[in-house]
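Undergrad: The structure is given below, and queries will be raised subsequently.
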Amino acid sequence: MRSRPYIFLYTGIAVFMLSISACKKDIKDVTDPNSYNSANFPQTPAQLKSVLGGIYAQLRDQSLWGTNLNAKMIFPMDHTIDLGYLGDAGWSQLCQNSYANSSYAGSLWAGLYIGVQRANTFLASLDNYKKKYAAAAEATELSYEEGEARFLRALYYFYLVNIYGQSNLQNGGSGDLLGVPLVTTVAASLQGSYVKQNTIRQVWDFIISELITADTKLQKHSWDAPNISRVPGWAPNALLGKAYLFSGDYANAKKVLKDVIDNSGHTLMSFDIYKNMFNGANKFNNESFFEINNQLDVSGFGVYWGPNITSSAGLIYSPTLMNINDTTAVANGYGNEFLHDKNLARFGFNLPIWNMTPNPNFNPGKPDGPYNVRNICDPNYVSLSQALRSSQSVDPRLYVSALQPWVDTIATDSASKSVRRVVLRAKEIPNNLKLQYYGWSLRKYAPLEHNIINLKGSDLASFYILRLADIYLLYAEACAQTSDDATALEYVNKVHRRAYGYGPDASSPLDYKSLSDATRANDPVLGNNPLRYERWAELFGEGGWWFDVVRWKIGDKEAAYYQKTIPGTINWTNTSYYFPIPTNELNNNPSMKQNNGY
């Protein structure tokens, strides 16, 4: 992993070097005529946009959605996945919910604060530009750009306070405990960068204030096609409602989220469209409030090389499939991760691990290959699996989220997409353990229609940061917290109905009858809690469940359910709810304090 500066070391506004013709100047003038600084840059709308672009680019940094944030950090922590690769001690520790010595805590801190710093740089540049260079006709566009920057700064802080903050304001959490430092300007000196942590309450108040301002500046604006990746006008309100709920202000959460639901024009898509929206199809759909748009990039190895227009997260959880030349298993990438087995039962899949049987159609006179397989999964098992799927005896979202060995197929490296390859048990499971694990591959955000290695680690799918199903369930929670159980139940059922192919707005035979009705999950955590189960099932594999675990303080219960991973037993303590402050940050910033318990 490349080294990075820690954010509180003095950075100043970025200096942009240009090659320009030499010119005469007074010998007493020691300024560099070949540089731009905060006094003379930016001078044009295009230059200003280049500074704004840096805030967006940071979203795809290797430490964030570029690779690590979901794939290597949150997925192991919330046990979306189990880890077959054991060559990275810090990664294994995340799977065990033990973070004291994990290098990932430091890289994430730096990555998020670089996003904050770029937003601060833009806002300082914007202020200077408006004072010196802006034309009156630019006022509306400059307002939009300020709204984008403030939304993105709030988003970076949302992740910082949820991952490094020592408490959450729900369930009796104290707002006086340490959160993270609020840095809102560019430091003018090294001493000016020595900033202490603010309280949890102060950080949430800042996020909320920032989103209210972003909403005012963006004016509910809708972008045209060339600008479709920019923050849409309703995104600040959507995140604002979430921030109110996460910070325990249920009355304001209910008000804001209902406004988003009623007036944004967003609707839940049909299941047939929804099930394919996570793998590159149906981008910027009517359900999405904000997404990180990835594009196929063959010029370099994803985020590790070349333009930063994509993610390489798919390398980590790429599916395992049958080798095109023989019957061995090969990942469509690195394939380090696979679905944690305990998730299958939560979705309602309770078949045992399958047996392999001789293939009656195998021809020993021909070479082994995908069409001449020596051993196959028990055909009765495959038939029963398909019957469970077609009868919806298993939550259909399992098959949106994961790929079942010997049942699902994908197309990867053939010019004809009709040529498909069988998905197999995850190849990274140690050989001595293989028969003890189901080893399903992840499907959400995974490369299903291209070979990610051949395209140099480039993801195609957008990552959804805010979408309507999330808003519905947040609104349901706000209603439940304000003694409006009937409305809460209806919005939980809207999401549930869509998952089973029903229209969301009319009752269905599968509706929950109460907020304590039985769910597909037959476990103490989610078995009789439809609201929490629907958040888990609907948003599975999107990187949000961890934050729910933290704010509801159910980490010990989740650890008891999942019990272990291939790297070892899950070691849950109260410090598992938050990361330590990185050691380098403590060394470089004397105003900082280490989080309790580290």
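Undergrad: If I ask for residues that are of a type in the set (D, E, K, R), under 24 Å from F349 (Cβ atoms) and either in contact (Cβ under 8 Å) with a residue 60 or more places away in the chain or assigned by TED's automatic domain parsing to the domain that holds H79 (or both), which ones from region 534-556 would you list?
TA: E534, R535, E538, E542
Undergrad: Identify the residue in region 282-304 that is among the polar types (S, T, N, Q) and either crowded, with 23+ Cβ neighbours inside 10 Å or within 17 Å of I452 (Cβ to Cβ) (or both) and, among all such residues, is modelled with the highest pLDDT.
TA: N294
Undergrad: Search region 192-212 for residues that are surrounded by 17 or more Cβ atoms within 10 Å (Cβ to Cβ) and pair each with any residue that is among the basic types (K, R) and outside any helix (DSSP H, G or I) when their beta-carbon atoms are under 8 Å apart and the residues are at least 6 apart or on different chains.
TA: Matching pairs, first to second residue: Q197/K593.
Undergrad: In region 171-216, how many are part of a loop (DSSP other than H, G, I, E, B) and within 15 Å of R150 (Cβ to Cβ)?
TA: 4
Undergrad: Also, I was wondering about something else. Can you tell me which residues in region 112-135 are of a type in the set (A, V, I, L, M, F, W, C), in contact with a helix residue (DSSP H, G or I) (Cβ under 7 Å, 6 or more places away or on another chain) and in a helix (DSSP H, G or I)?
TA: Residues satisfying the conditions are L112, I114, V116, A119, F122, L123, L126.
Undergrad: Here's a follow-up. Output the residue which, of all residues in region 563-579 that are assigned to a helix (DSSP H, G or I) and surrounded by 21 or more Cβ atoms within 10 Å (Cβ to Cβ), is nearest to the chain's Cα centre (by Cα).
TA: Looking at the filtered set, the residue picked out is Y577.
Undergrad: Consider E534 carefully, then state whether it is part of a helix (DSSP H, G or I), of a type in the set (D, E), closer than 26 Å to A251 by Cα and at pLDDT 95 or above.
TA: Values: part of a helix (DSSP H, G or I): yes; of a type in the set (D, E): yes; closer than 26 Å to A251 by Cα: yes; at pLDDT 95 or above: yes.
Spelling it out, E534 is indeed part of a helix (DSSP H, G or I), of a type in the set (D, E), closer than 26 Å to A251 by Cα and at pLDDT 95 or above.
Undergrad: What is the one condition in (1) in a loop (DSSP other than H, G, I, E, B); (2) under 20 Å from D470 (Cβ atoms); (3) touching a helix residue (DSSP H, G or I) at 6+ places or on another chain (Cβ under 9 Å) that N279 does not satisfy?
TA: (3)
Undergrad: Next up: Has region 100-122 got any residue that is hydrophobic (A, V, I, L, M, F, W, C), at pLDDT 95 or above, in contact with a Pro (Cβ under 6 Å, 6 or more places away or on another chain) and crowded, with 23+ Cβ neighbours inside 10 Å?
TA: Yes: region 100-122 contains one or more residues that are hydrophobic (A, V, I, L, M, F, W, C), at pLDDT 95 or above, in contact with a Pro (Cβ under 6 Å, 6 or more places away or on another chain) and crowded, with 23+ Cβ neighbours inside 10 Å.
Undergrad: Looking at Y334 and the list (1) of a type in the set (S, T, Y); (2) more than 30 Å from Y56 (Cα to Cα); (3) surrounded by 16 or more Cβ atoms within 10 Å (Cβ to Cβ), which single condition is not satisfied?
TA: Just one mismatch for Y334, condition (2).
Condition check ((1) assigned by TED's automatic domain parsing to the domain that holds L448; (2) under 21 Å from L526 (Cα atoms); (3) touching a strand residue (DSSP E or B) at 6+ places or on another chain (Cβ under 8 Å); (4) surrounded by 16 or more Cβ atoms within 10 Å (Cβ to Cβ)) across all residues:
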position	(1), (2), (3), (4)
G348	yes, yes, no, yes
L351	yes, yes, no, no
W354	yes, no, yes, yes
P364	yes, no, no, no
C377	yes, no, yes, yes
A387	yes, no, no, no
Y399	yes, yes, no, yes
Q404	yes, no, yes, yes
D408	yes, no, yes, yes
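Undergrad: Got a sec? Which of Q47, Q43 is more than 20 Å from S311 (Cα to Cα), at pLDDT 95 or above and part of a loop (DSSP other than H, G, I, E, B)?
TA: From the options Q47, Q43, the qualifying one is Q43.
Undergrad: A further question follows. So in region 305-331, with the set limited to residues that are modelled with pLDDT of 85 or more and farther than 26 Å from S63 by Cβ, which one is farthest from the chain's Cα centre (by Cα)?
TA: For region 305-331, the residue satisfying everything is T328.
The values are calculated or read from the model by the stated rules, or taken from the named source; none is laboratory data. Computed from a predicted model, the values in this text were never measured in an experiment. Heads up, the Cβs are rebuilt from the backbone with ideal geometry, glycines too, and the neighbour counts pull from every protein chain shown.
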